[in-house]
Amino acid sequence: MLVERSQIPPEGLDLEVREEPCWGEDQGLWLSLAPIEATLHLERKVNGILASGAFTTTAVVLCSRCSEPVSVPVSDQFAILFTGASEASRAEESELSAAEMDVDVMQEDRLDVSRFLRENVLLSLPLQPLCRAECRGLCPHCGIDLNETSCQCQVQEGDPRLLPLQHLL
Ligand SMILES: [Zn+2]
Ligand SMILES: [Zn+2]
């Protein structure tokens, strides 16, 4: 979805967006992604477009310990000033960017809402997703899923004095 700066009325533009994920570009970042639901308020500023709002979606990613698929809710709020390429340097000195606000550059006075939402989802993904807090992960030696079964690797690395007792365990 593209919004031209000239389409935004003086009082601002409120949008409800439902963005279907674009599989080709996002391959590898997640196994699947629910549509991104977002509410946006766009405002025309002297030096660009101010986009504020919130989004929510659900991503299926791999557990960082055991590599099982895990569904994680992803949501965040944002306030970003998009400046035209020629205004980018000026914006840095302006009052707007001095406030706690991100600044991004848009091409040809058009805001690519789809791209912007996908980038925000990406930034909000957990760095080390876990299927559950107590996930035991895979054995670093034999690769077995320790949530489902156990292996002998730990025992063999343990106290050598206990080795003769192993068959009793
Ligand atoms: Zn796990
Ligand atoms: Zn093992």
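Once phi is turned into ³J(HN,Hα) by the Karplus curve 6.51 cos²θ - 1.76 cosθ + 1.60 with θ = phi - 60°, what whole-Hz value does each residue of the stretch 58-63 show in order, with x for glycine and proline?
Values, residue by residue: 10, 10, 9, 10, 8, 4 Hz.
Sorted by accessible area with a 1.4 angstrom probe, largest first, how do Leu123, Leu40 fall?
Leu123, Leu40
Which FRET efficiency value, to the nearest 0.05, do you get for Arg44 and Ser75 by plugging their Cβ-Cβ distance into 1/(1 + (r/R0)^6) with R0 = 25 Å?
0.40
From the protein chains alone at 1.4 Å, what is the descending order of accessible area for Met1, Met106, largest first?
Reading off the accessible areas and sorting them downward yields Met1, Met106.
What net charge do the residues around Ile80 carry, taking every other residue with its C-beta under 9 Å from that of Ile80, with Lys and Arg at +1 and Asp and Glu at -1?
-2
HN-Hα J couplings of the stretch 116-124 from phi, Karplus 6.51/-1.76/1.60, θ = phi - 60°, integer Hz, Gly and Pro as x?
Going residue by residue, I get 4, 5, 4, 4, 5, 5, 4, 5, 9 Hz, with x marking Gly and Pro.
The values are calculated or read from the model by the stated rules, or taken from the named source; none is laboratory data. Since this is a predicted model, take the numbers as computed values, not measurements. Neighbour counts run over all protein chains shown; Cβ positions are idealised from the backbone, glycine included. Just so you know, the surface numbers come from the protein's heavy atoms only, side chains and all, with ligands and any DNA or RNA stripped out. Shrake-Rupley method; radii C 1.70, N 1.55, O 1.52, S 1.80 Å.
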